[in-house]
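Enquirer: Handing you this structure, nothing more for now.
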Protein chains: 2
Amino acid sequence: MTKSVFYHAGCPVCISAEHDILRLINTSEHAIEVVHLGTHRQRISEAEKAGVKSVPALVIDGGNVLHINFGASLEDVKK
Amino acid sequence: MTKSVFYHAGCPVCISAEHDILRLINTSEHAIEVVHLGTHRQRISEAEKAGVKSVPALVIDGGNVLHINFGASLEDVKK
């Protein structure tokens, strides 16, 4: 079981990507934690350290960051 | 069985994203066709019509385009 984290900020681009990703990925083999950075602001620094530059983004086990489309920059989420 | 098309152009960002996507997605339920636009240039217009602006990109059934990270713009691939 691998573990990925999907960071988003509730924007329409984020929600659309979340829907697509959760539908495509085999969640019986790949656990995905969904983190809304707008409501869980204490996790913004964690996302930043993982290399997230914009949301939505999927940080996969092994450390790669997949920035999927562009909803908002992490700088904008911080404001 | 749904059908998605992963367009790329052979760049390092493309190859890395392809590896991640193929590992995460349940390919027993979601067929993924991988198209290298550098070697299959006749399919560039198809990608453009599907809404691909840059590669790597995954066009999923239903029509949504997931632009995953940024390897090259489609304009650059056309050159």
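The values are calculated or read from the model by the stated rules, or taken from the named source; none is laboratory data. The structure presented is a predicted model; accordingly, all values stated were derived computationally and were not measured. Note that each Cβ is placed from the backbone with ideal geometry, even for glycine, and that neighbours are counted across all protein chains shown. Remember, those area values only see protein heavy atoms, side chains included, never the ligands or the DNA or RNA. Shrake-Rupley method; radii C 1.70, N 1.55, O 1.52, S 1.80 Å.
Enquirer: Can you pull the percent of Cα pairs in chain A with separation above 21 Å? Write out the running numbers ahead of the final one.
Expert: Details: 571 of 3081 pairs.
Above the 21 Å cut-off, chain A has 19 percent of its Cα pairs.
Enquirer: Taking the simple approach of a point 7 Å from Cα along Cα-to-Cβ for both A:E48 and A:N26, what is their distance in nm?
Expert: Taking the simple label geometry, A:E48 and A:N26 are separated by 3.7 nm.
Enquirer: Need one value for B:18-24: mean number of C-beta atoms belonging to other chains within 10 Å of its residues' C-beta atoms.
Expert: On the way: counts 0, 2, 7, 4, 0, 8, 14.
Other-chain Cβ atoms within 10 Å of each residue's Cβ, averaged: 5.
Enquirer: Between copies, how far does the label point of A:H19 sit from its twins, in nm, shortest first, when each point is 7 Å from Cα along Cα→Cβ?
Expert: 3.3
Enquirer: Return the average number of partner chain Cβ atoms within 10 angstrom of each residue Cβ along peptide A:62-74. If you can, show how the numbers build up before the last one.
Expert: Values: counts 3, 0, 5, 2, 9, 5, 6, 7, 2, 0, 0, 0, 0.
Whole-number average of other-chain Cβ neighbours for A:62-74 is 3.
Enquirer: Moving on. Near A:K53, which lysines are there with a Cα under 16 Å away, not counting those fewer than 8 places off in the same chain?
Expert: A:K78, A:K79
Enquirer: Quick one: in chain A, whose Cβ comes closest to the A/B rotation axis, and how close in angstrom?
Expert: Closest to the axis: A:N26, 2.
Enquirer: Given a 1.4 Å probe, how much area per residue of the protein assembly as shown is accessible, in Å²? Spell out each step's value before the answer.
Expert: Values: 7590 Å² over 158 residues.
Counting only protein heavy atoms, the per-residue value for the protein assembly as shown is 48 Å².
Enquirer: Under 14 Å from the Cβ of B:T2, count the other residues' Cβ atoms, weight Lys and Arg +1, Asp and Glu -1, and hand me the total. Can you show the working numbers first?
Expert: On the way: positive: A:R23, B:K3; negative: A:D20, B:E29, B:E33, B:D61.
Taking every Cβ under 14 Å from that of B:T2, the sum is -2.
Enquirer: May I ask you to report, in nm to one decimal and beginning with the shortest, the distances from A:T2 to the same position in the other copies, taking label points 7 Å along Cα-to-Cβ?
Expert: With the label placed 7 Å along Cα→Cβ, A:T2 yields 1.9 nm.
Enquirer: Something else: Go ahead and estimate [θ] at 222 nm for chain A from helices alone: -39,500 (n - 2.57) per DSSP H run with n ≥ 4, summed, over the residue count, rounded to 500.
Expert: On the way: 3 runs with 25 residues, N = 79.
Calculated mean residue ellipticity at 222 nm is -8500 deg cm²/dmol.
Enquirer: Within 10 Å of each Cβ in peptide A:43-52, how many partner chain Cβ atoms are there on average? Round it to a whole number, please.
Expert: Working: counts 0, 0, 0, 0, 0, 0, 0, 0, 0, 0.
Mean inter-chain Cβ contacts per residue within 10 Å come to 0.
Enquirer: Then there is this: First compute the accessible area of chain A with a 1.4 Å probe, then give the percent of it belonging to carbon and sulfur atoms.
Expert: Numbers: 2110 of 3800 Å².
Here it works out to 55 percent.
Enquirer: For region A:25-60 and region B:2-52, what is the separation of their C-alpha centers, rounded to whole Å?
Expert: Each part reduced to its Cα centre gives a spacing of 23 Å.
Enquirer: Between helix A:12-24 and chain A, what is the angle of the helix's C-alpha long axis to the longest principal axis, kept within 0 to 90° and rounded to the nearest 10?
Expert: Approximately 10 degrees, to the nearest ten.
Enquirer: Continuing with this model, one more query. List the distances, in nm and shortest first, from the label point of A:D61 to the matching label points in every other copy, placing each point 7 Å from Cα along the Cα-to-Cβ direction.
Expert: 2.7
Enquirer: Still on this structure: With a 10 Å radius around each residue's Cβ, average the other Cβ atoms per peptide and rank A:3-9, A:41-47, highest first.
Expert: Highest to lowest by the protection proxy: A:3-9, A:41-47.
Enquirer: Please report the antiparallel percentage of DSSP beta bridges with both residues in the protein assembly as shown, rounded to the nearest 5.
Expert: Close to 55 percent.
Enquirer: Specify whether the C-alpha gyration tensor of region A:19-61 places it in the rounded, prolate or oblate class, a ≥ b ≥ c being the square roots of the eigenvalues: rounded for a/c under 1.5, otherwise prolate if a/b is larger than b/c and oblate if not. Present the calculation step by step, with values, prior to reporting the outcome.
Expert: Numbers: a/c = 2.12, a/b = 1.84, b/c = 1.16.
Note, shape of region A:19-61 comes out prolate.
Enquirer: Students often check this: by mean Cβ neighbours within 10 Å, which of B:71-79, A:14-22 ranks highest, and how do the rest follow? Intermediate results must be reported in sequence, preceding the final value.
Expert: Numbers: B:71-79: 14.9, A:14-22: 18.7.
So the peptides B:71-79, A:14-22, ranked by packing, come out A:14-22, B:71-79.
Enquirer: First obtain the Kirkwood hydrodynamic radius of the protein assembly as shown from its Cα pairs, then insert it into the Stokes-Einstein equation at 4 °C and 1.567 mPa s, and state the resulting D in µm² per second as a whole number. Walk me through the numbers on the way to the answer.
Expert: On the way: Rh = 15.8 Å.
Using the Kirkwood radius from Cα pairs, D works out to 82 µm²/s.
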